[in-house]
Amino acid sequence: MESGEPSKKSSFQLQNQPPPRPFSIKSIIFVASIAAGIQFGWALQLSLLTPYVQLLGIPHKWASLIWLCGPISGMLVQPIVGYHSDRCTSRFGRRRPFIAAGAVLVATAVVLIGFAADLGYLFGDNLATETKPRAIVVFVIGFWILDVANNMLQGPCRALLADISGNSQKKTRTANAFFSFFMAVGNVLGFAAGSYTHLHNIFPFTTTKACDVYCANLKSCFFFSILLLLTLTTIALTNVHEKPWSPEPGNAGNLGGGEIEDEEAAAAETAPVPLFGEIFGALKDLKRPMWILLAVTCLNWIAWFPFLLFDTDWMGREVYGGDSQGNILVLKLYNNGVHAGALGLMLNSVVLGFTSLGVELLARGVGGVNRLWGIVNFLLAVCLAMTVLVTKLAESSRRFITVDGVTVPLPPPAGVKAGALSLFAV
């Protein structure tokens, strides 16, 4: 310690100190690259799964309830996994066992989701009916496992990056930059895969009696997601080795970058603070400006999250005029809109990547990061409001044709599509 007096650190602070010796930049890149595999799967969820659940027969108004898993698992799973990974005494390290388990769970969940229609048909679903209850059950189970596993992966990955960065602030900044970069890479790959309509041709077996072209394309995307995630995770875990941690006072140095005295570590170990006690204790000490910041961020996500969930459905239904439960021509139009929405999300990720690199420059240009944060919140509000204008323009400019006695809408004009894609990007 810098002074001769013993510090009064909680067990929470002790457990979150980085190790004394930072790893190489190559190790940081290996671990950060797992973010690409995680975000590939998230991107597929955001772009394709809301339309997919409607193809299974889940009513549009109930689709959002399935997505409750994301916030709930993020709120509960990440703190619990983080708490136990801090105290993990496995010979493989504190973080690596959780990362490996999370990757395997993701692969399992993706298989369940992709084959939900086939499994539902195998268990007795009638393909002639609009709602397929057994497929829905399989899908919901797989979807909740997927969100839990994704949150189980993200926390230990970030913690491992902090661990291997050591006391080096430069490496910590580099680790965060690489993690954000690989998140953007995963988003671009995922949304690009979601916008491409012929991936199922690579895996002909994905098209089955119970699974149409759209469903087969989703399966194919998920196969790529599993391959990417497992490959990146295997590379990271085989090249980055953690030193096993022990709660013994003599090994307390593994927890922090400074020399922690034995009596401090022993006291922290004998009187651990419960998980939620740590969380509520931290909240109790927050100052008023931080509470205001958290409240605005909460409202921000209340607005932003529904757009992420329903943007591709909005493109297929409102902008393109299709219907997930309509005839084959209207369904095709809806699917085209969904793929256009996935393209919009890919543009969003590209803009995100470049903007992230220029945040410091933008902040200096507008007079500070707090002013920049306020500006972009207002910009987000304006863009979300503009979705109403794009919807009305699409309705007023919609043209129809008659095919075999059935009236179906034509795709929207180029100006409407450009306006919608611009909203995605901005």
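The values are calculated or read from the model by the stated rules, or taken from the named source; none is laboratory data. Given the structure is predicted, the values throughout are model-derived calculations rather than measurements. Backbone-built Cβ (ideal geometry, glycine too); neighbour counts: all protein chains shown. Calculation scope for accessible area: heavy atoms of the full protein, side chains included, ligands and nucleic acids excluded. Shrake-Rupley method; radii C 1.70, N 1.55, O 1.52, S 1.80 Å.
Here the peptides 139-145, 376-382 are ranked by packing, the mean other Cβ count within 10 Å, and the order with the highest first is 139-145, 376-382. Of Lys219/Lys417; Lys26/Lys171; Lys171/Lys284; Lys209/Lys332; Lys132/Lys417; Lys26/Lys243, which pairs sit farther than 23 Å apart, going by alpha carbon to alpha carbon? Where the Cα-Cα span goes over 23 Å, the pairs concerned are Lys219/Lys417; Lys171/Lys284; Lys132/Lys417. Rounded to the nearest 0.05, the FRET efficiency derived from the C-beta distance between Phe307 and Glu395 at R0 = 25 Å is 0.85. Length gained on full extension, Lys243 to Asp212: 6.3 nm, using 0.36 nm per residue less the C-alpha separation.
Here the chain is treated with +1 on each Lys and Arg Cβ and -1 on each Asp and Glu Cβ, and its dipole about the Cα centre works out to around 780 debye. Counting only protein heavy atoms and a probe of 1.4 Å, the accessible surface of the range 22-244 is 71% carbon and sulfur. With Cα atoms as the point set, the range 22-244 shows a radius of gyration and Dmax of 18.5, 62 Å.
Per residue, how much accessible area does the range 22-244 have with a 1.4 Å probe, in Å²? Mind showing how you got there, number by number?
Values: 9120 Å² over 223 residues.
That works out to 41 Å² for each residue.
When only Cα pairs below 8 angstrom with a gap of at least 6 residues are kept, the chain shows a relative contact order of 24 percent.
Extending 7 Å from the Cα toward the beta-carbon at both Ala128 and Ala414 defines two label points whose distance is 4.7 nm.
As an exercise, use a Förster radius of 25 Å and the Cβ-Cβ distance of Phe280 and Asn300 to find the FRET efficiency, rounded to the nearest 0.05. If you can, show how the numbers build up before the last one.
Working: r = 23 Å, r/R0 = 0.93.
The pair Phe280/Asn300 has a calculated efficiency of 0.60.
Ligands, DNA and RNA left out, the accessible area of the range 302-345 computed with a 1.4 Å probe is 68% carbon and sulfur. Cysteines of the chain lacking any other cysteine Cβ under 4.7 Å from their own Cβ: Cys69, Cys88, Cys157, Cys221, Cys298, Cys383.
Please give the calculated 222 nm ellipticity per residue for the chain, where each DSSP H segment of at least 4 residues contributes -39500 (n - 2.57) and the sum is spread over every residue; nearest 500 deg cm²/dmol?
Details: 18 runs with 292 residues, N = 426.
That comes out to -23000 deg cm²/dmol.
Here the gap between Leu384 and Lys170, fully extended at 0.36 nm per residue and compared with their Cα-Cα distance, gives a gain of 73.3 nm.
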